[in-house]
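Readers should treat all values here as calculations from the given coordinates under stated rules, not as data from a laboratory. Note that the structure is predicted; figures quoted are calculated from it, not measured. Virtual Cβ from ideal backbone geometry, glycine too; neighbours counted across all protein chains shown.
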């Protein structure tokens with residue numbers, strides 16, 4: 001029987017199921033979620049309805065990202081039976097290994113950001129005489145955070161998503177450019193998030209033909 | 001013959017040579033180098049003289065750390081034939097793997113330091129009215145650097161040393177508390193640096209008995 005599955009290009013065995021790791025940004029970022037729905041809740045529900053029709057795929061989200069999503073979507077508003085189609089799984093962070101050159105990149109990145117932060121702080125001190133301290137500090141905070149949290153992975157949630165995709169050899173769907181940059185380094189499959197809905201719809205059509 | 005070596009607890013085969021990775025701090029940090037010599041050059045020469053008498057050990061330093069050391073010691077001052085006893089080897093950074101949980105620790109650490117930096121910048125802005133901008137910026141730089149480069153690995157040189165010790169399963173000798181902290185996480189052998197000279201002297205005595 002396994003032989004049969006192998007010989008038939010259209011049939012997918014359960015072990016061959018495509019695993020897909022989703023990031024919260026897919027439902028929260030307005031530019032990306034629009035194809036699914038107008039609000040995070042609407043977008044998430046639309047996704048779950050599509051996922052329900054795709055037994056050939058497994059959808060995953062790390063619990064840390066899911067918690068973030070619930071914050072935007074509202075815990076009580078999701079039809080709970082639909083949650084069957086999205087697994088919440090953290091990565092095996094004490095078993096997984098990552099290439100050592102990543103440490104160099106992280107540290108290099110950290111140094112650059114720290115230096116940027118110092119430049120911003122210096123400018124704030126210089127302009128302290130011109131504008132009031134309160135206004136200045138507000139401005140400093142905004143600039144500092146912007147400069148230091150840009151374009152790279154900087155949270156546990158980000159690492160969870162990357163490692164989970166690595167562990168499952170999954171397709172990563174995210175709107176976060178920092179995550180995509182690291183997916184490139186780690187050889188993780190990824191798809192332009194704006195195309196994700198079309199991808200799901202096409203997959204459903206293919207499954208219907210095969211039935 | 002291999003059998004013989006195994007049965008004799010005092011003989012060391014060439015494959016069993018103890019590998020030792022050295023950090024620059026050993027010769028630069030005054031508290032630690034004192035047992036070897038008063039200046040970095042004196043300390044480094046004293047070490048090389050001991051290493052020469054220890055065919056049962058192999059000493060390594062990453063080129064990045066060695067370059068740093070030359071800066072303190074003076075390039076032309078080291079007796080070049082003695083350099084035979086210290087290998088300069090970078091780690092295989094594109095082959096080595098490190099445990100994924102380290103990514104979480106690095107990122108957590110980075111976030112804490114970034115927040116610390118912001119607090120320091122805020123204080124500098126607040127006191128900008130009291131003390132002059134120039135003095136204030138000098139003060140800011142010192143505090144910022146202190147806060148953000150404390151107790152953890154934050155340079156390519158640090159990563160080189162850790163990964164090289166990991167790769168060679170070597171004994172790490174460093175006076176850097178940040179490196180020791182990470183050696184603990186990675187299961188790398190390390191020795192209190194103040195005891196390193198005694199360790200070498202004892203090893204030489206043991207070798208003499210065996211000849």
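List the relative contact order of chain B as a percent without decimals, with contacts defined as Cα pairs under 8 Å and 6+ residues apart.
Contact order relative to length: 27 percent.
In whole Å, largest first, what are the principal axis extents of the Cα atoms in region B:100-149?
46, 15, 8
Let me make sure I get this right: for the protein assembly as shown, a, b and c are the square roots of the gyration tensor eigenvalues over alpha carbons, sorted descending. Under 1.5 in a/c it's rounded, otherwise prolate if a/b > b/c, else oblate. Which is it?
Judged from the Cα gyration tensor, the protein assembly as shown comes out oblate (a/c at least 1.5, b/c at or above a/b).
Grab the beta carbon distance between residue A:139 and residue A:84, set R0 = 45 Å, and tell me the FRET efficiency rounded to 0.05.
0.40
Please determine, in degrees from 0 to 90 and to the nearest 10, the orientation of helix A:196-210 with respect to the longest principal axis defined by the Cα atoms of chain A, where the helix direction is its Cα long axis.
10
Show that you can apply the helix-only estimate: for the protein assembly as shown, add -39,500 (n - 2.57) for every DSSP H stretch of four or more residues, divide by all residues, and state [θ] at 222 nm to the nearest 500.
Here the helix-only value at 222 nm equals -17500 deg cm²/dmol.
Please check: in the Gaussian network model of chain A (C-alpha springs, under 10 Å), which one of A:91, A:99, A:40 has the largest mean-square fluctuation.
Of the options given, A:99 has the highest mean-square fluctuation.
Run through the other copies and list how far each one's label point is from that of residue A:94, in nm with one decimal, shortest first; the point sits 7 Å from Cα along Cα-Cβ.
Inter-copy label distances (nm, one decimal, shortest first): 3.4.
Would region A:56-211 count as rounded, prolate or oblate if I go by the C-alpha gyration tensor, calling it rounded below 1.5 in a/c and otherwise prolate when a/b exceeds b/c, oblate otherwise?
Here region A:56-211 falls in the prolate category.
Taking chain B as a Gaussian network, where each spring joins two C-alpha atoms under 10 Å apart, which residue of B:32, B:73, B:201 fluctuates the most?
B:201
Checking the a/c ratio against 1.5 first, then a/b against b/c, what shape does the Cα gyration tensor give for region B:134-175?
Prolate.
So how much slack lies between residue B:49 and residue B:202, counting 0.36 nm per residue of separation and subtracting their Cα-Cα distance, in nm?
Once the chain is fully extended between residue B:49 and residue B:202, it gains 53.7 nm.
Measuring from label point to label point, each 7 Å out along Cα→Cβ, what is the residue A:95 to residue A:126 span in nm?
Reported label-point gap for residue A:95 and residue A:126 is 5.4 nm.
Relative to the other copies, what are the label-point distances for residue A:16, with labels 7 Å from Cα along the C-beta vector, expressed in nm at one decimal and sorted shortest first?
Distances between equivalent label points, in nm: 5.4.
So in the protein assembly as shown, what percent of DSSP beta bridges are antiparallel if you round to the nearest 5?
15
Round to a whole angstrom and tell me the spacing of the C-alpha centers of region B:156-211 and region B:43-118.
The distance from the Cα centre of region B:156-211 to that of region B:43-118 comes to 11 Å.
Highest GNM mean-square fluctuation, chain A, Cα pairs closer than 10 Å: which of A:63, A:90, A:79?
Of A:63, A:90, A:79, the Gaussian network model singles out A:79 as fluctuating most.
Put a label point 7 Å from Cα along the Cβ direction on residue B:189, then list its distances to the equivalent points in the other copies in nm, shortest first.
For residue B:189, the other copies' label points sit at 4.5 nm, shortest first.
Compute the FRET efficiency between residue B:71 and residue A:209 as 1/(1 + (r/R0)^6), taking r as their Cβ-Cβ distance and R0 = 56 Å, and round to the nearest 0.05.
Computed FRET efficiency for residue B:71 and residue A:209 comes out at 0.20.
By how many degrees, 0 to 90 and rounded to 10, does the Cα axis of helix A:156-168 deviate from the longest principal axis of chain A?
Tilt of helix A:156-168: around 30 degrees.
Using only Cα atoms, tell me the angle between helix A:101-126 and the longest principal axis of chain A; keep it within 0 to 90° and round to the nearest 10.
40
Just counting partner chain Cβ atoms within 10 Å, what average do the residues of peptide B:135-141 show around their Cβ?
Partner Cβ neighbours, averaged per residue: 3.
What is the order of B:41, B:162, fewest Cβ neighbours within 10 Å to most?
Final ranking by Cβ density, sparse to dense: B:41, B:162.
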